[in-house]
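Chemist: I am attaching a structure below and will ask some questions about it afterwards.
The values are calculated or read from the model by the stated rules, or taken from the named source; none is laboratory data. The structure presented is a predicted model; accordingly, all values stated were derived computationally and were not measured. When we count neighbours, we look across all protein chains shown, and the Cβ atoms used for this are built from the backbone with ideal geometry, even at glycine.
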Amino acid sequence: MLNAILSGDHPRSRILSALLLVIFICLALGPFLFSSTRAFTTLGMICIFIVVVASYDVMLGYTHIVSFAHTMFFGIGAYAVAMTIGAMGNSFGAIGLGILAAVLAATALALLLGLLSLRVKAIFFALVTLAVAFAFMTMVNQLYTITGGEDGLRVRVPRELGPAFRLIENDLYGFSITTFLAGLFTQPWNLGEVIRESVYNVRVNGRVVMYYICFFFSLGMFLFMLRMMNSPFGRVLQAIRENEFRAEALGYRTVYYRTATVVLAAVVTALAGVLFALFNRYVNPENTLDFELMVFILLMCVIGGMGTMYGAVIGATLFLLAENYLQDVLRVLGGYVDGVPLVSGLVGPERWLFWFGLLFVLSVYFFPKGMVGQLRVWADARRRRREESG
Amino acid sequence: MSAQNDTLDQEVVRGFRQRFANFREHRPHLFLLALMIVIPWFFMDLATWFTLTVSGLAMGLMLFIMASGMTLTFGLMSVLNLGHGAFISLGAFSGATVIVFWMNDLAGSGSLGATLLALLAAFVFAMAVSGSLGLLFERFVVRPVYGDHLKQILVTVGGAIIIMELIHVIWGPSEIPVPRPDLLRGAVILDSTVPLIGGAAVETYRLAAVLLGLLVYGVMTWIIDRTKAGILIRAGVESTEMVEIMGYRIKLLFLGVFIAGSALAGLGGAMWSMYQEIITAHMGETLMISVIVVIILGGLGSIKGCFYGAILVGLINLYIGFLAPVFAAVATVGLMVGILMWRPQGLIPVIKV
């Protein structure tokens, strides 16, 4: 059963399995485990970005195609649904039309990009996509009459997905893990009080419904891509990655496979973009199209582990947690070195990206397979040691 | 008789077409340049055209200075340095520091000697800072990943983030206005008696940028065509192993070219800072797009191609920016796409990628 769901591609490391299980439970029960709005938003973003990073990994990790236009497709999805809702009002029909438009536009553009730049050699693809994505962003910024320019668009979601809608009339109970853990460490002697304090009421409104749409979309897409990468198609992609010449000699039209990969990744990301617009309810170039976002996706993919679908889960979770909470940690650290000229500048809360950049470069050198790859290497070594000792 | 004339005419026409086709195929850079310069004549009056052309040349030459380093590192060591933009930003900030904070009096004095001194100091400082950072960058970031394009892309993007954050730490997160030296403000207005282009106005700074850009191109061509180092570079582009076999230390050559490329990026950034009169840490990222278009257009690794590519990009930016400002960035990328369809290897390819 589990074998079928995971398409025979198991985590193959105990620590990794444990991590994935924790992430899965936290995401599945998200609104019932974390009470703050900030945590709720972060969880939703993790769900969406797992899909974005996993589809990027299909290109980068499995086929070694470096694309810098992934945010462009993400933005196409987000803007398509924002614009159809803006034009047709907040109905599900508008969302459906937006999805259709996003898929069509993403497919067309990806085909164009693929046919144009996979004609020339692979390294061009990175450069061409970078330039095209930038031109797209400039267009969105300039055509402010339909895209809202730098101010972006507000997305009025249907009532069923908004905070005013109640799916279940009565409140449900949630159990706040953060309160519980904090209480457990500060006052372990009155456990009953801590537990009573951790319980809170959850209103099952349209936001929670939206969250679960994101969650199940993310789960479904993830398993779909996992299946895809463990199918004969995925094997061909990996063959192209390892030795393109040989794959071609074996009779595979590598250009078609690469183009198919680019199109697949583009469509999946565009769908994730649609959900982003609906969940975030606000779309602008900075949160969907910016080059910085593109670099973030790259970081998530590489730190998690290229060429492993699980790397996308680990990478996206870790990065978004860092983006939202590392600043707090740095603020605390910054308190200790206040007054030291250069160091205090480096430890300030705005400088979290500096540390992540450093971590990124170091991880490319020392853990080129990312966290997932490294965990698997350790697990393999352990298994071998145990076999040797009997 | 008339039949003979017809065949003669046809032969003349055919000969002309043959020559034209030859020209188009063998000198695509000149063909495109001529096309680019002539087409706008139909859309604007000649005085405007002249102003735009000089401005486009200025922008193109600054782009050339920034892009030449990147195309050389790619041609010689096959390193795709996506962190190049960070060196541009760094050069801009270093140059601006000299002009705005250290030598403000000299730059504002209005006398030729003092202005030149301040400018020279700014440019030299910008080149020194980004060049020495280039040394560290090659040593610690790029060298471990020679020969692996994927890792190069990843590592240099990461390195660029680090440099950009360091700029934030040192200079602060806000934009810095960079006033031009007094002498370079204002514009030169052509006398209205000059035929066709009379009354055209050209900003002084852009003229200066054109002169400096041509100077850099000249010096660079001279180094590459006439000196020992240039021969080694050209040989290295052809085959690095062969150069090594001849007993030259190829690593030293790599290092030298990387430092020179970084320093040129810094120089370009410093020039650009005074052109825009405002700088942010992210300016390098934005400029990287044009730089990438330029080096793809020219054919990766070719200095001459880079020069013509940069001028084409500068011109199309200014022309389209005048005719339909919304589409300036799209036109730049459109130019690249069109040229790639026509010649997938770029205008003047030197290496087989």
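Chemist: Out of all the residues in the range A:57-79, is one or more hydroxyl-bearing (Ser, Thr, Tyr), part of a helix (DSSP H, G or I), in contact with a strand residue (DSSP E or B) (Cβ under 7 Å, 6 or more places away or on another chain) and more than 17 Å from A:Gly307 (Cα to Cα)? Can you show your working first?
Modeler: Our first condition is that a residue be hydroxyl-bearing (Ser, Thr, Tyr); within the range A:57-79, this holds for A:62-63, A:67, A:71, A:79.
Restricting the remaining residues to those that are part of a helix (DSSP H, G or I) gives A:62-63, A:71, A:79.
Those still in the list that are in contact with a strand residue (DSSP E or B) (Cβ under 7 Å, 6 or more places away or on another chain) too: A:79.
Narrowing further to those that are more than 17 Å from A:Gly307 (Cα to Cα): A:79.
So far as the range A:57-79 goes, yes, one or more of its residues are hydroxyl-bearing (Ser, Thr, Tyr), part of a helix (DSSP H, G or I), in contact with a strand residue (DSSP E or B) (Cβ under 7 Å, 6 or more places away or on another chain) and more than 17 Å from A:Gly307 (Cα to Cα).
Chemist: Okay, moving on. Could we say that B:Phe125 is part of a helix (DSSP H, G or I), hydrophobic (A, V, I, L, M, F, W, C), within 14 Å of chain A (Cβ to nearest Cβ) and within 26 Å of B:Ile161 (Cβ to Cβ) here? Walk me through it before giving the result.
Modeler: Details: part of a helix (DSSP H, G or I): yes; hydrophobic (A, V, I, L, M, F, W, C): yes; within 14 Å of chain A (Cβ to nearest Cβ): no; within 26 Å of B:Ile161 (Cβ to Cβ): yes.
Criteria not met by B:Phe125.
Chemist: Output the number of residues of the range A:140-181 satisfying the condition of being of a type outside the set (Gly, Ala, Ser) and closer than 30 Å to B:Val326 by Cβ.
Modeler: The first filter runs over the range A:140-181 and keeps only residues of a type outside the set (Gly, Ala, Ser), leaving A:140-147, A:150-151, A:153-161, A:163, A:165-173, A:175, A:177-181.
From what is left, the residues that are closer than 30 Å to B:Val326 by Cβ are A:140-147, A:150-151, A:153-156.
Here the count works out to 14.
Chemist: Among the candidates B:Met220, B:Met242, B:Met274, single out the residue that is closer than 15 Å to B:Leu61 by Cβ and more than 15 Å from the chain's Cα centre (by Cα).
Modeler: Going through B:Met220, B:Met242, B:Met274 in turn, just one is closer than 15 Å to B:Leu61 by Cβ and more than 15 Å from the chain's Cα centre (by Cα): B:Met274.
Chemist: Would you tally the residues in the range A:277-294 being more than 13 Å from A:Ala69 (Cα to Cα), assigned to a helix (DSSP H, G or I) and away from chain B (no Cβ under 14 Å)?
Modeler: Narrowing the range A:277-294 to residues more than 13 Å from A:Ala69 (Cα to Cα): A:277-287.
Now restrict to residues that are assigned to a helix (DSSP H, G or I): A:277-280, A:285-287.
Subsequent filtering for residues that are away from chain B (no Cβ under 14 Å) retains A:277-280, A:287.
Number of matching residues: 5.
Chemist: Would you mind telling me which numbered condition in (1) out of contact with any strand residue (DSSP E or B) (no Cβ under 9 Å at 6 or more places or on another chain); (2) within 30 Å of B:Tyr319 (Cβ to Cβ); (3) in contact (Cβ under 8 Å) with a residue 40 or more places away in the chain B:Phe50 fails?
Modeler: (1)
Chemist: Looking only at the range A:347-390, filter to residues that are assigned to a helix (DSSP H, G or I) and basic (Lys, Arg); which one of those is nearest to the other protein chains (Cβ to nearest Cβ)?
Modeler: Kept after step one, since they are assigned to a helix (DSSP H, G or I), are these residues of the range A:347-390: A:347, A:349-366, A:370-389.
Those left that are additionally basic (Lys, Arg): A:351, A:376, A:382-386.
On the way: A:Arg351: 6, A:Arg376: 20, A:Arg382: 28, A:Arg383: 28, A:Arg384: 27, A:Arg385: 29, A:Arg386: 33 Å.
Within the range A:347-390, the match that is nearest to the other protein chains (Cβ to nearest Cβ) is A:Arg351.
Chemist: Which numbered condition trips up A:Cys214, out of (1) assigned to a helix (DSSP H, G or I); (2) without any contact (Cβ under 8 Å) to a residue 24 or more places away in the chain; (3) surrounded by 15 or more Cβ atoms within 10 Å (Cβ to Cβ)?
Modeler: (2)
Chemist: Check every one of the helices (runs of 4 or more DSSP H) wholly within the range B:192-305 and list those with 3 or more residues that are more than 14 Å from chain A (Cβ to nearest Cβ) and of a type in the set (Phe, Trp, Tyr).
Modeler: Values: elements: B:204-226, B:228-238, B:240-245, B:250-276, B:283-298.
Result: B:204-226, B:250-276.
Chemist: Would it be correct to say that B:Val157 is part of a helix (DSSP H, G or I), within 9 Å of chain A (Cβ to nearest Cβ), touching a residue at least 60 places away in the same chain (Cβ under 8 Å) and not aromatic (Phe, Trp, Tyr)? Break it down stepwise before answering.
Modeler: Working: part of a helix (DSSP H, G or I): yes; within 9 Å of chain A (Cβ to nearest Cβ): yes; touching a residue at least 60 places away in the same chain (Cβ under 8 Å): yes; not aromatic (Phe, Trp, Tyr): yes.
Taking the combined requirement at face value, the residue satisfies it.
Chemist: Which of the residues belonging to the range B:325-341 are of a type in the set (A, V, I, L, M) and either surrounded by fewer than 21 Cβ atoms within 10 Å (Cβ to Cβ) or at the interface with chain A (Cβ under 8 Å from one of its Cβ atoms) (or both)? Show your work before the answer.
Modeler: So the first thing to find is which residues in the range B:325-341 are of a type in the set (A, V, I, L, M), and the list is B:326, B:328-331, B:333, B:335-337, B:339-341.
Of everything in the range B:325-341, those that are of a type in the set (A, V, I, L, M) and either surrounded by fewer than 21 Cβ atoms within 10 Å (Cβ to Cβ) or at the interface with chain A (Cβ under 8 Å from one of its Cβ atoms) (or both) turn out to be B:Val326, B:Ala328, B:Ala329, B:Val330, B:Ala331, B:Val333, B:Met336, B:Val337, B:Leu340, B:Met341.
Chemist: Report the residue count in the range B:62-98 for those that are in a helix (DSSP H, G or I) and at pLDDT below 85.
Modeler: Residues of the range B:62-98 in a helix (DSSP H, G or I): B:62-77, B:84-98.
The next check asks that each one be at pLDDT below 85; those that pass are B:75-77.
The number of residues fulfilling the criteria is 3.
Chemist: Additional query: Do the conditions hold for A:Gly114, that is, is it out of contact with any Asp or Glu (no Cβ under 7 Å at 6 or more places or on another chain), away from chain B (no Cβ under 14 Å) and crowded, with 22+ Cβ neighbours inside 10 Å?
Modeler: On the way: out of contact with any Asp or Glu (no Cβ under 7 Å at 6 or more places or on another chain): yes; away from chain B (no Cβ under 14 Å): no; crowded, with 22+ Cβ neighbours inside 10 Å: yes.
Taking the combined requirement at face value, the residue does not satisfy it.
Chemist: Let me ask something additional. In this structure, does A:Phe124 turn out to be under 30 Å from B:Met336 (Cα atoms), assigned to a helix (DSSP H, G or I) and in contact (Cβ under 8 Å) with a residue 24 or more places away in the chain? Please lay out each step first, then the result.
Modeler: Numbers: under 30 Å from B:Met336 (Cα atoms): yes; assigned to a helix (DSSP H, G or I): yes; in contact (Cβ under 8 Å) with a residue 24 or more places away in the chain: no.
Taking the combined requirement at face value, the residue does not satisfy it.
Chemist: Check the range A:215-231 and report whether any residue there is more than 30 Å from A:Ala277 (Cβ to Cβ) and not hydroxyl-bearing (Ser, Thr, Tyr).
Modeler: Yes: the range A:215-231 contains one or more residues that are more than 30 Å from A:Ala277 (Cβ to Cβ) and not hydroxyl-bearing (Ser, Thr, Tyr).
Chemist: Yes or no: A:Val274 part of a helix (DSSP H, G or I), at pLDDT 90 or above and within 22 Å of A:Ala126 (Cβ to Cβ)?
Modeler: Details: part of a helix (DSSP H, G or I): yes; at pLDDT 90 or above: yes; within 22 Å of A:Ala126 (Cβ to Cβ): no.
Spelling it out, it is not the case that A:Val274 is part of a helix (DSSP H, G or I), at pLDDT 90 or above and within 22 Å of A:Ala126 (Cβ to Cβ).
Chemist: Looking at (1) more than 14 Å from chain B (Cβ to nearest Cβ); (2) touching a residue at least 60 places away in the same chain (Cβ under 8 Å); (3) assigned to a helix (DSSP H, G or I), which is the only condition A:Gly8 fails?
Modeler: Tallying (1) more than 14 Å from chain B (Cβ to nearest Cβ); (2) touching a residue at least 60 places away in the same chain (Cβ under 8 Å); (3) assigned to a helix (DSSP H, G or I), A:Gly8 fails exactly one: (3).
Chemist: So B:Tyr308 clears everything in (1) closer than 19 Å to B:Phe31 by Cα; (2) within 11 Å of another protein chain (Cβ to nearest Cβ); (3) not small (Gly, Ala, Ser) except one condition, right? Which one?
Modeler: The one condition B:Tyr308 does not meet is (2).
Chemist: Kindly indicate whether any position in the range B:225-232 is under 21 Å from B:Phe137 (Cβ atoms), modelled with pLDDT under 90 and out of contact with any Leu (no Cβ under 9 Å at 6 or more places or on another chain). Lay out the reasoning, then the answer.
Modeler: Within the range B:225-232, the subset under 21 Å from B:Phe137 (Cβ atoms) is B:229.
If we keep only those that are modelled with pLDDT under 90 too, we end up with B:229.
Next, from what is left, pick out any that are out of contact with any Leu (no Cβ under 9 Å at 6 or more places or on another chain): none.
The answer is no, given that none of the residues of the range B:225-232 is under 21 Å from B:Phe137 (Cβ atoms), modelled with pLDDT under 90 and out of contact with any Leu (no Cβ under 9 Å at 6 or more places or on another chain).
Chemist: Another question, then. Go through the range A:217-243 and give me each residue that's free of Cβ contacts under 8 Å to residues at least 24 places away in the same chain and either among the hydrophobic types (A, V, I, L, M, F, W, C) or surrounded by 17 or more Cβ atoms within 10 Å (Cβ to Cβ) (or both).
Modeler: A:Leu219, A:Phe224, A:Val236, A:Ala239
Chemist: Separate question: Using beta carbons and a limit of 7 Å, which pairs, at least six apart or on different chains, have the first residue in the range B:230-248 and in contact (Cβ under 8 Å) with a residue 40 or more places away in the chain and the second one assigned to a helix (DSSP H, G or I) and β-branched (Val, Ile, Thr)?
Modeler: Note: pairs meeting the criteria are B:Ile233/B:Ile224; B:Ile233/B:Val257; B:Gly236/B:Val243; B:Gly236/B:Ile250; B:Thr240/B:Ile250.
Chemist: For the structure I just gave you, tell me whether A:Val103 is over 21 Å from B:Ala328 (Cβ atoms) and either part of a helix (DSSP H, G or I) or more than 9 Å from every other protein chain (Cβ to nearest Cβ) (or both).
Modeler: Details: over 21 Å from B:Ala328 (Cβ atoms): yes; either part of a helix (DSSP H, G or I) or more than 9 Å from every other protein chain (Cβ to nearest Cβ) (or both): yes.
Taking the combined requirement at face value, the residue satisfies it.
Chemist: Kindly indicate whether A:Gly251 is within 13 Å of another protein chain (Cβ to nearest Cβ) and free of Cβ contacts under 8 Å to residues at least 40 places away in the same chain.
Modeler: no
Chemist: Related question: When you check B:Leu312 against the structure, is it surrounded by 24 or more Cβ atoms within 10 Å (Cβ to Cβ) and closer than 26 Å to B:Met164 by Cβ, yes or no?
Modeler: On the way: surrounded by 24 or more Cβ atoms within 10 Å (Cβ to Cβ): yes; closer than 26 Å to B:Met164 by Cβ: no.
So B:Leu312 fails the test.
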